[in-house]
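Heads up: the structure comes next, in structure tokens.
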Amino acid sequence: MSRWIWFPLLLLLLLQLVYEVEAQVENRVIFLPGRFQNVSISQNETVQAVVSTIPSEVAFITLQFHTQHRNATISYTRMPGLGLSLTAVDSGLVSALRRDQTSLTLFLSSPDGNTVAGTGVILSYSSTDPVPGACNMEFDLEIDPNIYIHYNLYETTIRFAPANLGYERDGAPPACSQSTGADTRWRLQYDIYQYFLPENDLSERSLFTGFQAVADKQGMMENGKRVMTLESTDVSSMVFNSIPGQGIIYSVIVRDPLLNTSASYVPAHTYACSFNSTLDSCQTLGKISTKIFFTITGLAGLFVCFFGHRFFKCELFCMGFSFAAFLFFILITRTTELDYDIRLTLSAVLGVVGGIILVMIWWRFGSVVAVVVIVVGLMLGFLLASVVLFTPLGDINVFRKSDAVFWVTFCCVTLIVPLFFVRWPREGNITTCGIVGAYAVVLAVNAYIYTSLSYITLNILKRLLNNTFSAVFTDVPFQTIDYIMITVWVVLSVCGIVLQLYRERSRPFFPPSPYLMWQQERERRKTNVLDPSHHFPSLPSRLLARVRQLTMRTEPVGEHTPLLL
């Protein structure tokens with residue numbers, strides 16, 4: 001009888017043991033060097049990343065694991081600990097191999113208790129290759145091959161630990177700071193790379209495809225763009241322009257010029273925005289106020305592009321609005337801590353005031369030089385100077401290291417353009433209408449679909465608002481949508497300029513000032529007694545007489561005689 005009682009208990013224990021063994025097998029992922037493996041980490045689960053049959057010529061191995069926006073923990077041990085693990089969206093570990101070691105096990109887990117999906121890859125290096133992050137003195141890991149990213153609205157900063165020379169299995173690593181000779185790690189060089197993901201694509205698939213293209217050194221050198229090369233004596237950090245909503249993968253390749261070998265740090269990515277924010281996440285990046293503002297701006301720009309010179313007062317209002325709104329947005333942002341929507345609203349209101357003032361200046365004085373050469377010419381000069389410094393010319397070291405050189409160059413280009421308006425005021429005004437009006441259409445499109453052309457002026461705005469922006473690399477992606485928008489900008493500008501030049505060819509250069517015309521008409525009526533209007537009472541006299549008729553009763557004067565038939 002007792003045997004039948006114990007039999008179900010033994011069967012239950014056996015099933016539990018089999019289940020645990022099966023669970024361990026299910027939580028075990030085999031990695032092959034150079035081949036990506038998609039891994040899903042469930043709640044309260046630890047996944048073993050196993051590498052087997054490691055060749056004897058391999059001296060150390062790097063495991064990197066990437067997710068889109070959820071943190072994952074990668075660790076040397078099953079239980080993560082300080083100095084033995086790293087938690088990040090882009091994480092990696094370097095393992096130096098022992099003499100007879102042919103397999104390696106690392107561990108992946110979810111630190112937040114949520115299911116995490118990511119992709120990982122194993123990269124192997126020989127004893128002659130540099131070891132990324134082996135001279136780490138700043139971060140927690142003893143050997144830290146990771147790139148750390150910090151971003152804000154203006155700039156994105158990457159930091160990494162210095163590398164060391166390679167060494168044999170079970171060998172002693174070279175000293176990091178003992179000397180600076182040619183046989184030490186100070187001969188190493190660091191190439192900074194960036195790789196732009198497809199624009200307007202926040203999908204996980206796009207990110208993983210990008211990592212598969214640039215995870216190793218060969219892929220990054222073929223597909224990425226080298227931004228700069230740092231020496232070992234330089235600070236191991238770099239600052240880039242923040243592009244919210246645009247996915248960018250950053251990587252560092254350390255090279256040994258003496259042995260002609262290299263190794264890759266663990267690439268890291270950023271969208272310069274948060275996927276977890278409920279108010280302003282990457283999916284809802286554009287604010288409603290921004291969309292409304294730039295939609296109205298785009299419609300006004302389209303009108304100015306084709307009809308600005310014909311409707312001169314409307315053009316002056318739009319130019320004055322743009323000039324004043326841009327200026328006051330900078331002043332309000334630098335001097336106050338107001339919310340973005342409030343700053344934008346105040347700038348728009350002050351822009352309306354600026355537009356009215358510019359129209360009134362022309363209405364009162366009729367000076368073409370004051371309104372066209374100065375204001376309209378400066379608008380075109382500002383845009384052309386922004387375009388010039390938007391090119392790779394703007395990333396020259398002299399502009400990045402000296403604000404004075406940058407702003408002197410910018411002002412010179414801006415002030416040269418109005419000089420042409422003195423000789424050809426009508427042609428310059430029409431050209432400004434076409435180019436600036438078409439660019440306003442591009443900005444309106446950018447409010448809904450990201451395009452890099454918006455950074456032509458946004459980079460200047462960032463530099464005006466942020467004192468440290470001068471050290472930032474302002475490189476932006478140029479992809480299909482950008483070439484389409486360049487075509488739209490050029491076509492709209494050329495069509496608007498040609499149409500207005502053709503339509504205005506037989507008309508006066510500029511319409512006369514209404515106030516000056518009124519003054520001339522008044523003087524003419526005063527001096528020309530043959531003009532019937534000379535004997536016609538003025539408007540104030542007519543209004544006063546009408547008021548007297550309504551308020552005073554007319555008394556009869558003298559005797560009235562009836563008319564005879």
task: Taking the Cα atoms of region 339-402, report the difference between the largest and smallest coordinate on each principal axis, in whole Å and largest first.
output: 47, 36, 17
statement: Counting only protein heavy atoms and leaving out ligands, DNA and RNA, the solvent-accessible surface of Arg343 at a 1.4 Å probe, in Å² to the nearest 10, equals 40
- prompt: In region 107-262, how does Rg compare with the Kirkwood Rh, expressed as the Rg/Rh ratio over alpha carbon atoms?
  reply: 0.98
- request: Over the chain, give the accessible area per residue in Å² for a 1.4 Å probe, as an integer.
  value: 54
field: Spin-label zone in region 486-502 - amide nitrogen under 17 Å from a point set 7 Å from the Cα of Asn200 along the C-beta vector
entry: 486-489
statement: Dipole check, the chain, charges on Cβ (K,R +1; D,E -1), about Cα centroid: among Leu358, Ser203, Ala325 the Cα furthest to the positive pole belongs to Leu358
- prompt: Which number do you get for Rg(Cα) / (2.2 N^0.38 Å) in region 210-279?
  reply: 1.30
statement: Once the dipole of the chain is set up from charges on Cβ (+1 Lys and Arg, -1 Asp and Glu), the residue from the list Thr46, Ile253, Ser452 lying farthest towards its positive end is Ser452
- line: Expressed in square angstrom to the nearest 10, the accessible area of Ser322 with a 1.4 Å probe stands at 50
query: With the contact rule set at Cα under 8 Å and sequence spacing of 6 or more, what percent relative contact order holds for the chain?
result: 11
field: Total charge dipole magnitude, the chain, about the Cα centre, Cβ charges on Lys, Arg, Asp, Glu only, Debye to nearest 20
entry: 2780
task: Report in % the part of the accessible area of the chain that belongs to carbon and sulfur, leaving out ligands and nucleic acids; probe 1.4 Å.
output: 63
- prompt: Which Cys residues of the chain have no other Cys Cβ less than 4.7 Å away and so no disulfide-compatible partner by this rule?
  reply: Cys305, Cys314, Cys318, Cys411, Cys412, Cys433, Cys495
- prompt: By what distance, in whole Å, do the Cα atoms of the chain stretch along each of the three principal axes, largest value first?
  reply: 150, 76, 41
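The values are calculated or read from the model by the stated rules, or taken from the named source; none is laboratory data. All figures in this text were calculated on a predicted structure; none of them were measured in a lab. Here the Cβ is made from the backbone with ideal geometry for all residues, glycine too, and neighbour counts use every protein chain on show. What goes into the accessible areas is simple: the full protein's heavy atoms, side chains included, and nothing from ligands, DNA or RNA. Shrake-Rupley method; radii C 1.70, N 1.55, O 1.52, S 1.80 Å.
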